[in-house]
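One structure below.
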Amino acid sequence: MPSISKRVGRHGAVTYLAQARVLGGGSMSKTFEDRATAKAWATKQEAEFKHQRQRGAPVRLDVGQLTIEKLARDYLDDDVTKAQRSLSETQRLIGWWVNKYGSRKVLDISSVMLREARKKLQDEGRGPATTNRHLSAMRACWNWGVQAEYIPETRSWPKKLMLKEPGGRVRFLSDAELAAVLKVTDEEPVTQATIMVSVGTGIRLGEMLRLKWDDIDLTGKHSPTGTPRLSVWVTKTDKPRAVFLPDAVVEALK
């Protein structure tokens, strides 16, 4: 049975400490302003623990004290996570959650808290796509926690959090505009090659800035079709892809 203790603060403020017992030992606690809410929370926690035990799934004895920072650090330290090609991006995105909510208890995560975080990301100037990447990174961390038995299976990630992303604006340079740009860069071959890769392949700026020479196959030697191509390893969808290189782009890179 959950335990509810009344607490009176220095200035007479009354709070209620709810304690939920974890089957097999240990407990988790949280403070509320009214008894009814405290009891409802503790009863729900104990029901979750009981459900987990009945299914034979272990529950961490310290689950009530597990913070977002602890979950995030263990997730980033996992070998599978560290093997990601986009590890640095994952670390950056998860780092935002640790900085803003690191001390929060994992079991306190709710739709309300996540919507609050989503608004905070937007208030900081992030667009829908960037906000969604932050949410996706934390969702991956959360799902890892469930699989690693850090979090009860009954605690699924809330749905309908992602923002609708606006369609991209399509704008192509005319032949005259492209010729004018290339003329300006005649004496700057590196800049000109950068422009040619951008125009000729359509890859994103971040993808282009991460390119290394080892990612570029100018002869088609490593291509199944024998055509020149470049490999984009870190993408928006985390799925590497190959991109065909037109002749003009090949010459610019050479």
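The values are calculated or read from the model by the stated rules, or taken from the named source; none is laboratory data. Owing to the predicted nature of the structure, the values given are computational and were not obtained by experimental measurement. Quick note on the areas: whole protein, heavy atoms, side chains included, nothing else; ligands and nucleic acids left out. Shrake-Rupley method; radii C 1.70, N 1.55, O 1.52, S 1.80 Å.
Mean residue ellipticity, 222 nm, helices only, the chain: the sum of -39500 (n - 2.57) across DSSP H runs of n ≥ 4, divided by residue count and rounded to 500, is -14000 deg cm²/dmol.
Semi-axes of the equivalent ellipsoid of the stretch 137-237 are 41, 20, 12 Å, computed as sqrt(5λ) over the eigenvalues of the C-alpha gyration tensor in descending order. Remark: C-alpha extents of the stretch 184-254 on the principal axes read 35, 27, 18 Å, sorted largest to smallest. Of M113, M208, the order by accessible heavy-atom surface (1.4 Å probe, DNA, RNA and ligands excluded), from most exposed downward, is M208, M113.
Averaged over its residues, the chain has an accessible area of 62 Å² per residue, based on protein heavy atoms and a 1.4 Å probe.
Pairs with C-alpha atoms separated by more than 28 Å, drawn from the list K82/K105; K6/K120; K44/K70; K6/K119, are K6/K120; K6/K119. Tell me the angle of helix 35-54 to the major Cα principal axis of the chain, expressed in degrees between 0 and 90 and rounded to the nearest ten. Value to nearest ten degrees: 70. Per residue, the convex hull spanned by the Cα atoms of the stretch 94-156 amounts to 81 cubic angstrom.
Each Cα pair under 8 Å and six or more residues apart adds its separation to the average, and for the chain the resulting relative contact order is 12 percent.
With viscosity set to 0.890 mPa s at 25 °C, what whole-number translational diffusion coefficient in µm²/s follows for the stretch 66-113 from Stokes-Einstein and a Kirkwood radius over Cα pairs?
This corresponds to a translational diffusion coefficient of 219 µm²/s.
The convex hull of the Cα atoms of the chain, projected and averaged over all directions, covers 20.1 nm². Straight Cα distances below 29 angstrom link K183 to the lysines K212, K254, with same-chain residues fewer than 8 positions distant left out.
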